[in-house]
Every structure is written in structure tokens, then in C-alpha cells.
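Taking it in order: structure first as C-alpha cells, then the write-up.
The values are calculated or read from the model by the stated rules, or taken from the named source; none is laboratory data. Predicted, not measured: the structure shown is a model, and the values here were computed from it. Ideal geometry is used to build each Cβ from the backbone, glycine not excepted, and the neighbour counts take in all protein chains shown. Just the protein is used for accessible areas: all its heavy atoms, side chains included, with ligands, DNA and RNA removed. Shrake-Rupley method; radii C 1.70, N 1.55, O 1.52, S 1.80 Å.
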Amino acid sequence: MRKWVAVSLVAGSAMAAEAATDNSLRPADRPGAAKQEGQGENYQLASATILRPVARPAALQQAAVEQAAAEVSFKEWITEFKDRALAQGISTPVLDSAFDGVSYDPEVIRRDRNQSEFTKTIWDYLDSAASDLRVKNGKAALRDQQVRLDQIEAKYGVEKEIVVAIWGLESSYGTFRGKMDVVRSLATLAFDGRRGEFFEGQLVAALKILQAGDVAARKMTGSWAGAMGHTQFIPTSYLDYAVDFTGDGKRDIWSDNPADALASTAAYLKQFGWVKGQPWGVEVTLPKGFDYTLADREIEKSPSDWAALGIKGLDGRTVKDHGPASILLPAGSEGAVFMIFRNFAVLERYNTADAYVIGVGHLADRIRGGASIQGSWPRGDRSLSLAEREEMQQRLTSAGFDTDGIDGKIGPKTIGAVRAYQVANGLTPDGYASLRLLQRLR
């Protein structure tokens with residue numbers, strides 16, 4: 001993990017949720033994303049009511065020709081890859097078993113090419129991430145795994161509610177772990193070349209897992225981009241952080257028993273500095289006249305120092321001193337406000353998107369019995385498309401507010417450029433990359 005160089009799953013900094021596929025621990029498109037939680041694996045769409053365009057014979061023939069050509073090239077690539085894998089210590093028997101019957105998978109490429117152009121707004125994301133149903137299912141999952149989770153918390157010092165929340169967001173508590181052949185998916189993506197070096201590295205790591213005997217080749221299943229098991233580890237993260245909690249000699253994150261996967265998640269967070277008892281963040285209120293330039297991840301103060309500036313918890317009291325904290329405005333001055341602590345950054349190692357981290361933290365709070373987020377959201381806004389995000393970066397840079405590249409990802413550099421533009425133009429400097437701001441730039 002960051003398992004994934006992938007997700008981190010909104011306007012402002014949270015827009016990175018689905019756009020950050022290249023920078024997060026796993027792909028944003030997780031197993032079962034198109035299904036509704038609680039419907040189970042037997043849920044099917046009423047196909048009779050779905051209207052689909054009918055492919056014409058010529059198009060079908062062309063697709064077949066392209067598929068056949070890709071298959072030939074893919075087989076040639078596998079032969080070349082096997083030589084590279086042998087040089088990295090993968091044995092011939094493992095390679096033969098792993099690639100037995102493996103073919104090029106055009107569906108993987110289709111999904112890689114067609115990741116959503118639009119990201120969800122943070123409020124839409126949180127409505128799903130911490131829905132009443134997901135909270136209910138999370139409480140049930142916690143009860144079902146109470147003994148194991150207590151043992152995991154005692155060993156790794158990571159609260160069981162956090163582990164369960166990650167489980168809930170990654171696979172709906174094990175309901176959607178992904179059924180695609182990981183070797184086939186990773187080989188297809190490595191062959192494709194768009195992020196070939198990254199996926200070839202993941203493929204080699206997957207082969208090392210097979211060589212260690214933790215799982216059989218055809219039972220190594222996961223998402224279309226190779227994230228595996230209950231909490232969606234990519235192969236390199238598995239090698240580095242997965243643990244054998246059950247003591248059976250295997251680090252089995254694929255089976256119906258989630259013990260190894262949940263313990264591996266806790267071990268991962270511990271490795272990156274999780275502090276037990278420290279919250280990920282606390283919802284707070286801002287005073288009138290607040291200096292929004294202080295809402296910067298680089299600015300840390302103690303809760304008492306923030307209280308001296310008028311920032312209090314929802315109960316009107318100074319937030320408990322859990323250590324240095326920053327103020328986060330995931331939807332600008334019109335959205336909810338959070339005082340975030342260093343455990344927030346630990347969760348970011350799992351997935352870089354602010355929306356994901358808040359989703360995990362808030363879901364864990366709700367499973368523990370906490371209240372819903374009280375602040376309002378600018379629900380009249382919509383998310384920006386990739387083209388619009390790139391346009392905003394281009395226009396900001398042209399206006400003298402450098403975003404350090406045009407990539408469509410609303411990260412710290414772009415937020416800083418937005419804030420600088422807002423200051424220069426007498427706007428509220430909340431760093432919120434909204435459609436209204438883009439229209440003003442135009």
C-alpha cells in the first residue's frame with residue numbers, strides 16, 4: 001500500500017478522489033463499485049429494461065481483427081517478460097503455472113481508458129461512504145469479528161473501527177472483493193504500456209506471492225487493476241505489509257475469513273505511524289472574520305492555539321489536545337470544517353484523496369456511535385470535469401498563479417494557486433476550485 005500508486009477516491013482538494021489514480025494506493029474504481037451495498041453478489045440489473053446500441057457486423061468484424069492482433073502481440077510480450085521475470089528470481093514452474101491459459105483482456109483496457117471523467121463532489125461521496133446502510137453493516141461486521149478485531153487492536157494499536165471502516169469502503173465488508181484474474185489483469189496492463197513500468201512491477205510482485213505459496217494462481221483474484229482481497233492490497237503492498245494473523249503459514253487476504261486482511265491493514269497503518277487514541281480529525285466551527293489563509297495543511301497549531309483564534313468544537317469547547325493540527329476546508333468556506341491531526345496523514349498513505357480519508361474517519365466515528373457531519377455543503381455546486389480542471393490550471397498559470405503542471409488533479413499546488421488568485425482578487429481565500437471560480441477566470 002500507500003498500497004496503490006492509485007485513488008485517493010470533489011471539488012477543491014477532494015477532487016482528487018477519482019482523479020488521483022496514478023498517485024493513490026489503488027485504483028479508484030474498486031470491486032463492486034457499480035453495485036449497491038447490501039444487494040449481495042446475486043444482484044443483477046434488469047437487463048430487459050436496458051437499451052443498448054447494437055453493434056453492426058462491420059464493427060464486430062473490425063473488433064475481432066483487433067482482438068486477434070492484440071492477442072498475438074500479447075503472447076510475444078509474455079515470452080519477453082518471462083525472461084525479465086526469471087532474472088528477478090521467479091522460477092520457471094511458477095511462470096508456467098501463472099500464465100497457463102492467460103489471454104489478453106480487453107475489458108481491463110476498456111476500464112482503464114474509461115475511468116469517469118467527472119469526480120464526485122465530497123458530499124456525494126460521503127453520502128455513500130457513511131450512509132446509514134454502510135454504518136449499519138459496519139456495526140454488524142464489527143460484532144461478527146469482535147474477538148479478532150480486539151486481538152488485532154491489542155497487537156497493532158489501531159482502533160478496530162478504523163480497520164472496519166477501511167474494510168467497508170474497500171470491499172463493502174468483504175462482499176465485493178473482485179473476481180478478476182490478477183495475473184491476467186496486470187499482464188494486460190503491463191503489456192498495454194500506458195503505465196507499463198508500474199504494472200510490470202506489480203506483476204512481478206504478484207508472481208513472488210505465488211512463488212511463496214500464499215495462494216494458487218487462479219485463486220489470486222481482485223479488481224481490474226490488481227487490488228486484492230478484503231482491504232484491496234496491491235501486490236507490492238502485500239509483500240511489504242501483509243501478515244499471517246491466523247498462524248496457518250499463509251498471508252491469506254482472499255479467503256472468506258478476513259482475519260489476515262484486517263490484521264494486514266492494521267499492520268500497514270501502524271507501520272506508517274498510527275497513534276492510538278488520536279482522532280483523524282474533529283469537525284469544528286470557524287469564527288466570523290476567520291483568516292482563510294490559515295486553512296493550510298502546512299500550518300499546524302495546537303487545539304488551544306486554534307481556540308485562541310476562535311476555532312472550537314461543535315460543542316463550543318476547545319478541542320482536546322491530540323497534538324499539532326491543521327484546518328481543512330474540503331469544500332471551501334461554504335462547507336464543513338475539520339481540525340485534522342497527524343493520523344489523517346497516516347490514512348492518506350492508504351489513499352491520498354481527502355474525500356477517502358474523511359470517509360474512512362467519519363464512517364469509523366459513526367460505527368462507534370458518533371453523529372453525522374453537522375456542517376452544510378454547497379450542494380448547488382457540481383464537480384468539474386477533467387477538461388475543466390485542466391482549463392482552470394491553464395488559466396491560473398497564464399494569469400501568473402503557477403499550478404506546477406497541467407494534469408487535472410486538484411492537489412496542494414493547484415489549491416495554493418487558487419488561494420493566491422483569490423487573495424489577489426479580493427475573494428475569500430479558501431482554495432476551493434469551483435465552477436464559479438473557473439467562470440471568473442474565463
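Report whether or not residue 316 is in contact with a Pro (Cβ under 6 Å, 6 or more places away or on another chain) and at positive phi. First the steps, then the outcome.
Values: in contact with a Pro (Cβ under 6 Å, 6 or more places away or on another chain): no; at positive phi: yes.
For residue 316, the condition - in contact with a Pro (Cβ under 6 Å, 6 or more places away or on another chain) and at positive phi - is not met.
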Worksheet item: Residue check: is residue 389 open to solvent by 10 Å² or more (accessible area, probe 1.4 Å) and assigned to a helix (DSSP H, G or I)?
Response: no
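Is it the case, given these coordinates, that residue 348 is acidic (Asp, Glu), closer than 17 Å to residue 278 by Cα and touching a helix residue (DSSP H, G or I) at 6+ places or on another chain (Cβ under 9 Å)? Full working, then the answer.
Numbers: acidic (Asp, Glu): yes; closer than 17 Å to residue 278 by Cα: yes; touching a helix residue (DSSP H, G or I) at 6+ places or on another chain (Cβ under 9 Å): yes.
When the stated conditions are applied, residue 348 passes them.
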Fill in: Unique match (being on the phi > 0 side of the Ramachandran plot, buried (at least 20 other Cβ atoms within 10 Å of the Cβ), assigned to a loop (DSSP other than H, G, I, E, B) and modelled with pLDDT of 95 or more) among 400, 408, 369, 431
431
Worksheet item: Across region 337-351, what is the number of residues that are under 22 Å from residue 322 (Cα atoms) and either surrounded by 23 or more Cβ atoms within 10 Å (Cβ to Cβ) or in contact with a strand residue (DSSP E or B) (Cβ under 7 Å, 6 or more places away or on another chain) (or both)?
Response: 9
Worksheet item: Between residues in region 320-342 that are of a type in the set (Ser, Thr, Tyr) and residues that are assigned to a strand (DSSP E or B) and open to solvent by less than 10 Å² (accessible area, probe 1.4 Å), which pairs lie under 7 Å by C-beta distance while being six or more apart or on different chains?
Response: 326/340
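Per-residue answers, yes or no, for (1) open to solvent by less than 30 Å² (accessible area, probe 1.4 Å); (2) within 24 Å of residue 218 (Cα to Cα); (3) of a type in the set (Phe, Trp, Tyr):
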site: 87; (1), (2), (3): no, yes, no
site: 94; (1), (2), (3): yes, yes, no
site: 97; (1), (2), (3): no, yes, no
site: 105; (1), (2), (3): yes, yes, no
site: 115; (1), (2), (3): no, no, no
site: 120; (1), (2), (3): no, no, no
site: 123; (1), (2), (3): yes, no, yes
site: 133; (1), (2), (3): no, no, no
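What residue, of 284, 275, is buried (at least 18 other Cβ atoms within 10 Å of the Cβ) and at pLDDT 95 or above?
Values: 275 fails: buried (at least 18 other Cβ atoms within 10 Å of the Cβ).
Going through 284, 275 in turn, just one is buried (at least 18 other Cβ atoms within 10 Å of the Cβ) and at pLDDT 95 or above: 284.
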Worksheet item: Which of (1) open to solvent by 50 Å² or more (accessible area, probe 1.4 Å); (2) within 29 Å of residue 273 (Cα to Cα) does residue 101 not meet, given it meets every other one?
Response: (2)
Worksheet item: Where in region 100-187 are the helices (runs of 4 or more DSSP H), entirely inside, with at least 2 residues that are at pLDDT below 95 and over 19 Å from residue 256 (Cβ atoms)?
Response: 106-113
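Residue 283 - would you say it is of a type in the set (Asp, Glu) and in a strand (DSSP E or B)? Walk me through it before giving the result.
Working: of a type in the set (Asp, Glu): yes; in a strand (DSSP E or B): yes.
Yes; evaluated as a whole, the condition is true for this residue.
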Fill in: Criterion: surrounded by fewer than 20 Cβ atoms within 10 Å (Cβ to Cβ) and within 28 Å of the chain's Cα centre (by Cα) - qualifying residue of 255, 304
255
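Here's the yes/no breakdown for (1) hydrophobic (A, V, I, L, M, F, W, C); (2) over 21 Å from the mean Cα position of the chain (by Cα):
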{"site": "326", "(1), (2)": "no, yes"}
{"site": "329", "(1), (2)": "yes, no"}
{"site": "332", "(1), (2)": "no, yes"}
{"site": "347", "(1), (2)": "yes, no"}
{"site": "350", "(1), (2)": "no, no"}
{"site": "372", "(1), (2)": "no, yes"}
{"site": "398", "(1), (2)": "no, yes"}
{"site": "410", "(1), (2)": "yes, no"}
Worksheet entry | Residues (over 18 Å from residue 115 (Cα atoms) and open to solvent by less than 30 Å² (accessible area, probe 1.4 Å)) located in region 174-207 | 174, 176, 182, 183, 187, 202, 203, 204, 205, 206, 207
Worksheet item: If residue 248 satisfies every condition in (1) crowded, with 16+ Cβ neighbours inside 10 Å; (2) in a loop (DSSP other than H, G, I, E, B); (3) of a type outside the set (Gly, Ala, Ser) but one, which is the exception?
Response: (1)
Item to complete: Tell me, yes or no, whether region 303-324 has at least one residue that is assigned to a loop (DSSP other than H, G, I, E, B), touching a helix residue (DSSP H, G or I) at 6+ places or on another chain (Cβ under 6 Å) and of a type in the set (Val, Ile, Thr).
Response: yes
Worksheet, complete the sentence: How many residues of region 304-341 are under 25 Å from residue 437 (Cβ atoms) and of a type in the set (S, T, N, Q)? The answer is 2
Practice prompt. Residue by residue through region 372-386, note down the ones that are open to solvent by less than 20 Å² (accessible area, probe 1.4 Å), touching a helix residue (DSSP H, G or I) at 6+ places or on another chain (Cβ under 8 Å) and of a type in the set (Gly, Ala, Ser).
Written response: 383
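Test residue 299 against the criterion of being in contact with a His (Cβ under 8 Å, 6 or more places away or on another chain) and assigned to a loop (DSSP other than H, G, I, E, B), and give yes or no. Talk me through it step by step, then tell me what you get.
On the way: in contact with a His (Cβ under 8 Å, 6 or more places away or on another chain): no; assigned to a loop (DSSP other than H, G, I, E, B): yes.
Here the answer is no, as residue 299 does not meet what is asked.
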Worksheet item: Within region 67-74, is even one residue surrounded by 12 or more Cβ atoms within 10 Å (Cβ to Cβ), under 18 Å from residue 181 (Cα atoms) and at pLDDT 90 or above?
Response: yes
